[in-house]
Every structure is written in structure tokens, then in C-alpha cells.
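Chemist: Just passing along the structure, written as C-alpha cells.
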Amino acid sequence: MAITASRRGFGFLVAIAVALLPAALQPVTATASSTGTLFAITASQNLVMVDTGTGAFTAVGAGLNTPDSPQSSALAIDPATHRLFAVRTTMTGVDFPPVVTQELLTIDSQSGAILSNPQFTSFAAQSLVFDTSSGVLFGFTGLDIVRVDPATATTSLVAAIATTFGPFIYSLALDTPSHTIYLAQEDVSGSVETNTTRIFSVSTASGTVSTGHVLARAVRQIAVDSGHLFGVAECCPADFVAIDNSTGATTFLANIGDGSTMIQFGTAIDTASHTVFIETATQDPVTFVSTAHIVSINDQGGPPAVSPALPDGVAPLGLAFEPGTAPTDTSPPVTLIALSPAPNAAGWNNT
């Protein structure tokens with residue numbers, strides 16, 4: 001997801017605003033149906049594994065922070081090589097506007113070590129998705145869908161989407177089998193009740209852009225599973241919906257919160273179990289203390305499960321799911337030998 005406000009890349013600052021969040025549905029203990037690992041970047045800039053059943057964080061590595069207190073987000077993963085990708089934005093200088101630098105982090109998902117951090121020399125990708133079939137990292141800059149070279153952070157154009165930045169919230173999802181990137185553009189220029197969302201479909205092979213209808217309901221985040229689109233509508237109330245991109249129709253699947261629920265910055269999906277992970281946030285109306293939760297929902301049916309409050313104060317700033325691997329077969333081999341046809345009465349075979 002990305003929020004674009006200017007060509008200087010200040011969209012990441014909006015994430016800080018989640019400290020002031022409204023109330024939402026009460027959490028219930030959730031048992032994760034997935035066998036992989038859900039990763040998140042927390043508000044304190046730690047890479048963590050999230051237990052969706054307990055809400056517990058397990059830190060991976062020493063953190064992503066620097067002395068300049070940057071913001072890291074836009075998490076994507078290459079499960080085959082255990083590499084996570086994130087965008088780190090740093091502001092330095094005493095003058096206004098400050099100097100803004102943006103790096104592409106490649107992180108070892110098993111150790112948390114930062115393997116490389118080249119700096120973007122052009123517009124940085126504010127959202128990232130990884131195509132496991134082609135091994136290509138894609139991103140959205142706020143204007144264009146681009147290929148991103150993890151080694152150098154250089155970008156190459158796939159398709160132009162917008163001609164100017166605007167008051168939009170974007171969400172990116174990739175359908176690997178069809179090599180199609182879906183981009184949801186939510187117009188937030190008015191009140192939350194009047195927001196609208198349009199879906200763009202981009203072929204990563206040809207760069208062809210198809211502009212879909214304005215959806216019947218505004219969605220904040222999208223996910224794709226086996227070519228089927230799903231979305232999270234923040235208002236009113238917060239619902240999980242199926243999306244027909246050819247008509248703009250949305251079909252209600254499950255409620256995940258009341259009208260004051262805040263949908264956060266990112267979703268992740270486990271396509272093996274058809275589980276979509278969604279970040280939500282709440283605020284106590286008396287103490288104004290913010291809490292965050294992970295909603296787990298099967299996109300083929302069933303009620304959502306909500307984790308207990310996450311321990312980091314506010315919601316994570318990005319989610320990525322790494323599928324689990326099949327357990328190693330340690331059973332010893334068994335060999336059976338039989339004669340066919342059976343020998344004759346004298347014990348001979350002539351065939």
C-alpha cells in the first residue's frame with residue numbers, strides 16, 4: 001500500500017497517523033490455519049514474526065532502524081530464497097524540506113540480516129510485490145508500475161498509471177498464474193463515507209493497462225487468490241468483500257469491524273489455505289490508547305478470526321507471508337521383490 005502526496009516521497013508519514021485510531025470489534029482468540037510464517041514491520045521498526053493466534057511478536061534480527069529514525073514499509077517476499085524486500089525512507093537535515101533518501105532493503109527472513117540496501121535514484125517504489133514464477137520484484141511508485149532490481153534499486157517501466165500524484169491510497173496485489181498486477185486506487189479527497197475505489201489491471205508481460213469500473217463500495221486494501229479479487233472496505237462498516245473487476249460489483253463475505261474500524265497498511269495471503277491476513281487498529285474511547293490486531297479470514301467462506309492486541313502499540317507497517325515447506329521424508333525405503341510369472345513345478349522360469 002502507498003499513500004502519495006508529493007514527489008518527495010512523504011507518503012510514508014501518513015502511517016504515523018495510526019496512533020489516533022477509532023474503536024473496532026472485540027478480538028477473539030484465533031487459531032491460524034496456515035503452516036507458514038507471517039512477517040511484519042512494526043512501528044518501532046523491528047522485523048517480526050506474528051503469531052496470529054496469540055498476537056505475540058518474535059523479533060527476527062536486530063531491527064531495521066538507523067540513527068535518523070527512518071520509516072520502513074512495503075513488505076514483499078521471495079519464499080524460494082527466504083528474502084524479504086522493504087523500502088526504507090530516511091529524512092535528514094535541519095532545513096525544510098529535509099533531504100529524503102529511500103533504500104531498497106533485502107532482508108534474510110530467517111536471520112533478519114540486511115543483505116543489501118541500495119538507494120533508489122529515481123522515484124522509489126512505495127508498494128512491492130514479488131512474482132514467484134518469474135523471480136521479478138515489482139513496485140508502484142505512485143505514478144508507474146515498475147520492475148525493481150534488488151541489487152541496485154534501479155527501476156524500469158512496466159506501465160504508467162497516473163499523470164500526477166493525488167489524494168489516493170493505493171493497494172497492490174499480484175496474480176502469479178496470469179502475470180497480472182492489480183492496483184486499487186482509493187480516492188480519499190472527501191469524507192470516508194464518500195470515498196471511491198477503481199481497480200487497474202496491468203499485464204507484467206506486455207505492460208497493457210486495463211482500467212476497471214469504480215467499485216460499488218470503496219475498498220482500502222486488496223488481495224488476489226487464484227485470479228479472484230478480494231477487498232477490505234473500511235466504511236461503513238468494515239467488511240471483507242469479493243470484487244468483480246469486470247463490473248465493479250462487490251459481494252459481501254464477512255464483517256470484520258464496525259464503522260469506526262481503521263484498516264491498516266497492508267494485507268498478506270496464504271494461497272494454500274486461502275487465508276487473507278488484514279491489519280486493523282482500534283482506539284479505546286476513554287484512554288485513547290491504540291491497539292492493533294491481525295484479522296485472519298478464509299476467502300472461500302467462514303467467519304473471521306481476530307488476534308489479541310499486538311504488543312507494539314500500533315499496527316504493523318507491512319505484512320508478508322512465507323509459505324511453509326513440506327516436512328522432510330525421513331521414512332526408510334522399503335524394497336519388495338516378486339517373480340512374475342511364477343516358476344514351474346521344477347522351479348524353472350523360461351520367460
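The values are calculated or read from the model by the stated rules, or taken from the named source; none is laboratory data. Computed from a prediction, not measured in an experiment: that's the story for all the values here. Please note: Cβ atoms are built from the backbone with ideal geometry, for glycine as well, and neighbour counts cover all protein chains shown. Quick note on the areas: whole protein, heavy atoms, side chains included, nothing else; ligands and nucleic acids left out. Shrake-Rupley method; radii C 1.70, N 1.55, O 1.52, S 1.80 Å.
Chemist: What number comes out for the charge environment of A74, summing +1 per Lys or Arg and -1 per Asp or Glu over other residues with Cβ under 13 Å away?
Modeler: Around A74, the charge tally is 0.
Chemist: Give me the distance between the Cα centres of the range 225-253 and the range 115-151, rounded to whole Å.
Modeler: 26 Å
Chemist: So, R0 is 35 Å and r is the distance between the beta-carbons of T35 and T251; what FRET efficiency does that work out to, to 0.05?
Modeler: Here the calculated transfer efficiency is 0.80.
Chemist: Short version: ³J(HN,Hα) in whole Hz for each residue of the range 144-152, in order, from phi by Karplus 6.51 cos²θ - 1.76 cosθ + 1.60 (θ = phi - 60°), x for Gly and Pro, what are they?
Modeler: Per-residue couplings from phi come out as 10, 7, 9, 7, 10, 8, x, 6, 10 Hz.
Chemist: Also, I was wondering about something else. In terms of modelled amide H atoms, which long-range or inter-chain residues lie less than 5 Å from the amide H of T154?
Modeler: D149
Chemist: Turning to a different aspect of this structure: Got a sec to turn the phi values of the range 121-129 into Karplus ³J(HN,Hα) couplings, 6.51 cos²θ - 1.76 cosθ + 1.60 with θ = phi - 60°, whole Hz, x for Gly and Pro?
Modeler: Residue by residue, the range 121-129 yields 9, 10, 4, 6, 6, 9, 9, 9, 9 Hz.
Chemist: Is the C-alpha gyration tensor of the range 85-128 telling us rounded, prolate or oblate? Criteria: a/c under 1.5 is rounded; beyond that, a/b larger than b/c is prolate, otherwise oblate.
Modeler: prolate
Chemist: With all protein chains present, calculate the accessible area of V87 using a 1.4 Å probe and round the result to the nearest 10 Å².
Modeler: Taking all protein chains as shown, V87 has close to 10 Å².
Chemist: Hand me the chymotrypsin sites (Phe, Trp or Tyr not before Pro) from the range 242-309 located in a DSSP loop with no more than 15 other Cβ atoms within 10 Å, in residue order please.
Modeler: Passing both the DSSP loop test and the Cβ count: F288.
Chemist: Now for a different question. Which ³J(HN,Hα) values in Hz, rounded to whole numbers, follow from the phi angles of the range 256-268 under the Karplus curve 6.51 cos²θ - 1.76 cosθ + 1.60, where θ = phi - 60° and Gly and Pro get x?
Modeler: 10, x, 8, x, 9, 5, 9, 8, 8, 9, x, 10, 9
Chemist: Over the range 85-173, what is the relative contact order in percent, taking alpha-carbon pairs closer than 8 angstrom and at least six residues apart?
Modeler: Relative CO of the range 85-173 lands at 20 percent.
Chemist: A follow-up question, please. Can you send over the solvent-accessible area of L310, 1.4 Å probe, protein chains only, in Å² to the nearest 10?
Modeler: Rounded to the nearest 10, that gives 10 Å².
Chemist: In a shell of Cβ-Cβ distance under 13 Å around I169, excluding I169 itself, what net charge do Lys and Arg (+1) and Asp and Glu (-1) give?
Modeler: Charge balance near I169 sits at -1.
Chemist: Here's something else I'd like to know. Grab the beta carbon distance between V99 and Q300, set R0 = 35 Å, and tell me the FRET efficiency rounded to 0.05.
Modeler: 0.15
Chemist: If amide H atoms are built 1.01 Å from N in the plane of the peptide, which residues on other chains or at least 5 residues away come under 5 Å of the amide H of S109?
Modeler: R83, L84
Chemist: Between F288 and A342, what is 0.36 nm times their sequence separation minus the Cα-Cα distance? Round to one decimal in nm.
Modeler: Using 0.36 nm per residue and subtracting the Cα-Cα distance, I get 11.1 nm.
Chemist: Turning to a different aspect of this structure: Under a 5 Å amide H to amide H cut-off, with H placed in plane at 1.01 Å, what residues pair with A56 once short-range neighbours are removed?
Modeler: D51
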